[in-house]
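Please read the structure below before turning to the comments.
No value in this document is a laboratory result; all are computed from the given coordinates. Just so it is clear, the structure is predicted and the values come from calculations on it, not from any experiment. When we count neighbours, we look across all protein chains shown, and the Cβ atoms used for this are built from the backbone with ideal geometry, even at glycine.
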Amino acid sequence: MQRPALSIVIPCYNEAACLDQLHARVSAAARAAVGEDFEILFINDGSKDDSWPVMQRLSAADPHLVAINLSRNHGHQLALTAGLDLCAGEQILIIDADLQDPPELLTDMRAMMTAQNADVVYAVRRKRAGESLFKKVTAAAFYRLLDRVTDTAIPLDTGDFRLMSRRALDAFLSLPEQARFIRGMVAWVGFRQVPFAYDRHERFAGETNYPLGKMIRLALDAVTGFSTAPLRLASHAGLVLTGLSLLLFVYIAIGFFTGSAVAGWTSTMLVVVLLGAVQMFVLGMIGEYLGRLYVESKRRPLYLVADVAGPVQGRATLGF
Ligand code: UDP
Ligand code: MG
């Protein structure tokens, strides 16, 4: 198969209102960078709005556009995986559909890739416009916590917006896991990766598809995927609590021999509640790993494709 110079991969969930503008801006940015030698992949992740009909209309009029319709909503990271599997380019740009990440930065990112001989140019958010304080604070806290617990150095304040070389992408595609935290997996792959600072814009239209529940899930995938520190939590907590209970034992023994022991409801309750909470938390963390182990062991396909519109030759699409 002949590889285009550039593939642009865009997962879309309920983005009908963004697609026309997205298509226009991404096409213009791609033309400015590589002339006509590019492809754009829209992945419809089981949208409930008109995203798929809009994609079909756009791809009928543009031979550069491949539109892929997943069988249902598989989630951002898996929709992105589908696009990365099916794209063919020598260089690959990952970008969100909502135009929060300006496609026009492509030229500068490509220049940086060449100048620094890099395999991955990842975009680091300097500012995030139009996002709630809650989102910004939780995101900042999350990236820092992740950095502390993981063994892989995952860049701070970095989303999936990035430019990759074919060899970095092929290496990434050899990672088979179900619970995917793509920015971490790309970091794990290694090669030469360089940061590119930019200001994140507001959404062009629509609302975030990452409510708190999905954010927590992504965070748990990230932590469990790249660290086993939480599993060691039980032994650490056990050590600290053993120390504390020894002190308590001395205190009680003194009370017993001096006859000053009081019938203590408060301290008993405190100990019971504290131990219960620690045990529940640790059990829950073990459950998170165990659940993922179970899901991995089923070896199900990561996603299923229902339809493809546009130039599909040479693409092996699962379920199509
Ligand atoms: N997305 C997706 N499937 C989902 C949720 C989101 O493909 O289940 C896409 C969405 O269309 C967008 C990207 O993932 O292109 C990032 O989502 P969003 O902009 O809602 O997240 P935020 O920028 O608010 O973190
Ligand atoms: Mg967004």
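Quick notes
- When the Cα positions of W188, A205, A118 are compared along the charge dipole of the chain, W188 comes out farthest toward the positive end, with charges on each C-beta of Lys, Arg, Asp and Glu.
- Taking the number of Cβ atoms within 10 Å of each Cβ as an exposure proxy, the fewest-first ranking of T107, T242, T158 is T242, T107, T158.
- Using just its DSSP H runs of length 4 or more, each adding -39500 (n - 2.57), the chain gives a mean residue ellipticity at 222 nm of -17000 deg cm²/dmol after division by all residues.
- Of all aspartates and glutamates in the structure, those lying under 19 Å Cα to Cα from K48, and not within fewer than 8 positions of it along the same chain, are E15, D20, D96, D98, E207, D307.
- Gaussian network model of the chain, springs between alpha carbon atoms under 10 Å - residue of V295, V186, V305 with greatest fluctuation: V295
- Shown for E36, E90: other C-beta atoms within 10 Å of each C-beta, ranked fewest to most, produce the order E36, E90.
- Across all Cα pairs in segment 1-46, the calculated P(r) in 5 Å bins from zero up to the longest distance comes to 5, 21, 28, 22, 13, 9, 2 percent per bin.
- Of the peptides 281-287, 78-84, the order by per-residue mean of other Cβ atoms within 10 Å, starting with the highest, comes out as 78-84, 281-287.
- FRET efficiency, I216 to R57 (Cβ-Cβ, R0 30 Å, nearest 0.05): 0.25
- Residue exposure sequence - I8, I252 - by fewest surrounding Cβ within 10 Å: I252, I8
- Lys, Arg +1 and Asp, Glu -1 on Cβ, resulting dipole of segment 19-147 about Cα centre, debye, nearest 20: 620 debye
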